[in-house]
Each structure stands twice: as C-alpha cells, then as structure tokens.
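Note sheet for the following structure.
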Amino acid sequence: MKLEVKSLQSSNENENIFYLATSENYKKLPFSEQEIKFAEEQIAAEVPLVEFNRYTHKVYLHVSAEKTYGNSELEKMRKLAFSVHTKIQESKISSLVIQDQLNNSDALLAFVEGLSLTNYQFLKYFTDTKKKKYTLKQVSIQTNVLAKEAIDELSAIVEGVKLARELVNEPLSYLTAQKLSEEIQKMADDAGFTLEVFGKKKIESLKMGGLLAVNKGSVDDPTFSVLEWNPKGARNSKPIVFVGKGVVYDTGGVSLKPTKDSMDLMKSDMGGAASVAGAIYAIAKANLPIHVVGLIPATDNRPGGNAYVPGDVVTMHNGKTVEVLNTDAEGRMLLADALSYADRYNPEFVIDLATLTGAAAVAIGKYGIVAMGNQASQENMPSLKKAGDRVHERLVEFPFWDDFGELIESDIADLKNLGGRDAGAITAGKFLEHFTNYPWVHLDIAGPAFLGSMDSYRGKGGSGVGVRLLFEFSKQYQTE
C-alpha cells in the first residue's frame, strides 16, 4: 500500500474520503444539510464511523471527542483504522484520501499505522487470490501537521512488522534455518544493515553446545546470524544487542509435544528471530542514529536419529554445563549460547525475545509480553515499559527473585534446563541469566506472537509483535 502526504486541500468530487474531525469542526466540512443531520443522529447514537454513500464514491466520517491523545487514545485510533479498512474492503475501494481535521500528528500517525498493518495479508500459497486479496493500494493523507519524514519513518516500521509476520507465517517446508538467513539477507540488502551468517563448522568452532545439541535431531544444519546497524553519529558508544530465538519448527524433540494440536502452530517458534530481524530492518530503514546488533541462533528441533535426549549433559558456549531434563525446553539452550556470544560486544544493554514458555502465554494470554531482567537492567526497564505502552505492546514484569534459581539446580551439572511446573516462565528466565554478564531483559512473547483469530490491526497468524516495541525503545534511547 502506497502512502503519500499532501497539504490540506479540497478533494476531488469522486474521491473516496475519510474525514478525521472534531465536534467543533465537522459541520464545516463539505456535507449537505441532510448529511449533516444524518451525521448528528449517528454521532448522538455513538456510532464511531459514519458512512455516506454518494454512489460514485464513499465518504466516511469519524468525529473525535478527545482533547488529548495518550496511549489508550492512540490505540483506539489504530483500532478505528481496522474498522475503516473493513468498510472500504466491503466496497472494494482501491484508493482513499484521509482528510485530517484533528490537527494532531500522533493521532493521525496511529490511524495510518493501524490502516497499514490491517492491510497485510499472507497469500503466498493460495492458487487464486482474486477474491481474497485486499483492494486498498493507495492512501493520500491531506494534513497540515505531518511531515513526509514522519510517514517515511512509519513506513519503515510497518514494513519491518510485515516482514516479521511474513517470516512467522512461512512453514518449515520453506523456512529452514538456512532459508531464514537468506531472507534476512534480502532485508539487509534493502535496509542497509550488515549480515554475517555462521554455518555449522563455525558454530562448532565457537563451541555453541546448546545450539548444536538442539540441532542433532535435524537433517538441516543450524545457522547463527549476526545483524548490525552502526551508523555514523550513533548516540551510543557501546551497542544495544537484540537476541531472537530462531527455532524454525519445534516438535519437542525426543520429548515429543504430547497435547492435542500442540504442534500445529510450531512454525511460529521463531517469532523472536522474526521480531529482531524486523526491528533492525526498521531501525536501519529509518536511519535511526543508534548502534544495534541482532543475534539469531536458528535450527529446527526434531526427534531424529542422533537427537539429544533427557539425561544428556551439554557444555555451553561459555563453558557451563547443563543437564537436559526435557528436549522441549530447547529455546533456552540456543538462546543461552547467543547471550554468551553477546558478551564480546561489551553491550550497553541486551534484550532477548522468544516464544519461550506456555506458562507465559497462560499467565497473560495475547494481551502483553512477559518481561524479567537482572538487577543491572533496572535502569532501562522503565524506558522499555514506556515504549511498550506507547505502541500497545505492553510489558508485564514478573518477579525475578534469587529463590527461583534454586529450581534449576542440578545434581550432576552446573544447572538443568527445566525447573518444573511452578513459575515456568520465570525459571526459564533464571536459566538464561546464567549466560549474561551485562544489563539484560528477557521478553517472553509466547502469547501474542501468533494469533489464532483476527485481532484488529494485528491480524491473524504472525503478529510481528516486538518490532514496534524495539523500534520505539531504540528511537527514544538516550533522548529522554
């Protein structure tokens, strides 16, 4: 969908128009007396979207009663855009003019963001898309308060989210670990960040025992992708590192997933990797002045002939030993190696994203992201939460007391990879903490990463959660 910004002007007679207006100015818009009367009746009945059928084209009106636009009001604008998109799709509209009478750039950007994200579809594997494909192709924004640069930045964010969704929606029949690195290379070429991909021999030389253990049951080699955006004039002297879990498919390994339908959506177990790739794409495309590094360990987890098994002891990249109690606790094994590897960058701050535990999804569902971090991270946690509130990818901080660490103590190794039923999301985080020597936050996105039904502008399937959060955090980093 193409976006363009123009100064506020009168529209052509036959254009499809959406007016964003206030109660003070909507009656001054080019409506007939009958249309104004109809609008008054609709607004009195609390209808959020008034529709006028002018036969040759459609006109839509939203009258906002808001005086200020905080985080909740901005989310309402994104959801309003979803409603508008539904209406224009019903009428098979291909172009729309947004006339801004609110004069609030944040509200207008939130609306356009919601409209753009709603317009995403994953249609690659349909043989006939004519009836399914959304018709909206062109949006012209007429406003006096929005610069082209703001729309360019929003376009970068939206494209990053869409690319992340695309990766999550791809099945393993296409998106192996190797193919994931190739897709990230395309993103790097487009946005201008650098990418280095380690193959199996390099991973072996780095002694990444966790990633190699998970990969032992697969016929496909693992990869370890290093993404970097380091522009001239970066605000941070040391990089921020994002680490994304890249399990392109998870059977559970030898500890085969036992419950009904539990493997159906496991192509989405690389949602963290997709978020990291999408975020760095958006940051580079928008030319943010911040040095960021992305680390993505990737493999599938299968019960192949030489698969790792419960009872194995694995030596990790940082030399620590792990007793494996369950091969379905695989994400933390490869994340641990990546977190250890991050130490060589002497990072200012590290954030990992992973569809790590069912416990996190059960705790808060699709409505937020479970967060926890070490003591050194507490300086950055408020800014991360603020960014999450801003883009409505909200963080719920779980307690991270030392007591939880007792649950992953092993009788035969430095630690074990499973802590039992109690506090499952937290003990997974406690496991990862053993591989960090810097300020670090763990984000468990198991709930919102893949949506089983349509959820407003977030869509259905891969949501791209985390991209907008990381972008907003990076944009505001060291500027507050």
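The values are calculated or read from the model by the stated rules, or taken from the named source; none is laboratory data. All values derive from a computational prediction rather than experimental measurement. All Cβ positions, glycine included, derive from the backbone under ideal geometry; neighbour counts span all protein chains shown.
Of all residues in the stretch 238-250, those satisfying the criterion of being within 22 Å of LEU212 (Cβ to Cβ) and either of a type in the set (D, E, K, R) or buried (at least 24 other Cβ atoms within 10 Å of the Cβ) (or both) are VAL241, VAL243, GLY244, LYS245, GLY246, VAL247, VAL248, ASP250.
In the stretch 214-237, the residue that is surrounded by the most Cβ atoms within 10 Å (Cβ to Cβ) out of those that are in contact with a helix residue (DSSP H, G or I) (Cβ under 7 Å, 6 or more places away or on another chain) and not in a loop (DSSP other than H, G, I, E, B) is VAL214.
Quick check on my filter: what residues within the stretch 180-213 are part of a helix (DSSP H, G or I), within 25 Å of GLY464 (Cα to Cα) and more than 20 Å from the chain's Cα centre (by Cα)?
ASP189, LEU211
Residue-by-condition table, conditions (1) polar (S, T, N, Q); (2) out of contact with any helix residue (DSSP H, G or I) (no Cβ under 6 Å at 6 or more places or on another chain); (3) free of Cβ contacts under 8 Å to residues at least 40 places away in the same chain; (4) closer than 28 Å to LEU265 by Cβ:
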position: ALA354; (1), (2), (3), (4): no, no, no, yes
position: ALA359; (1), (2), (3), (4): no, no, no, yes
position: LYS366; (1), (2), (3), (4): no, yes, no, yes
position: ILE369; (1), (2), (3), (4): no, yes, no, yes
position: MET372; (1), (2), (3), (4): no, no, no, yes
position: ARG390; (1), (2), (3), (4): no, no, no, no
position: GLU393; (1), (2), (3), (4): no, no, no, yes
position: TRP401; (1), (2), (3), (4): no, yes, yes, no
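When the residues of the stretch 120-162 are filtered to those that are among the hydrophobic types (A, V, I, L, M, F, W, C) and part of a loop (DSSP other than H, G, I, E, B), the one that is farthest from ASP100 (Cα to Cα) is PHE126. Checking GLY388, GLY419, GLY447 one by one, the residue that is among the small types (Gly, Ala, Ser), closer than 21 Å to THR118 by Cα and in a loop (DSSP other than H, G, I, E, B) is GLY447 and no other.
Can you give me the number of residues within the stretch 309-348 that are in a helix (DSSP H, G or I) and either outside the structural domain of LEU432 (by TED's automatic domain parsing) or in contact (Cβ under 8 Å) with a residue 40 or more places away in the chain (or both)? So the answer is 14.
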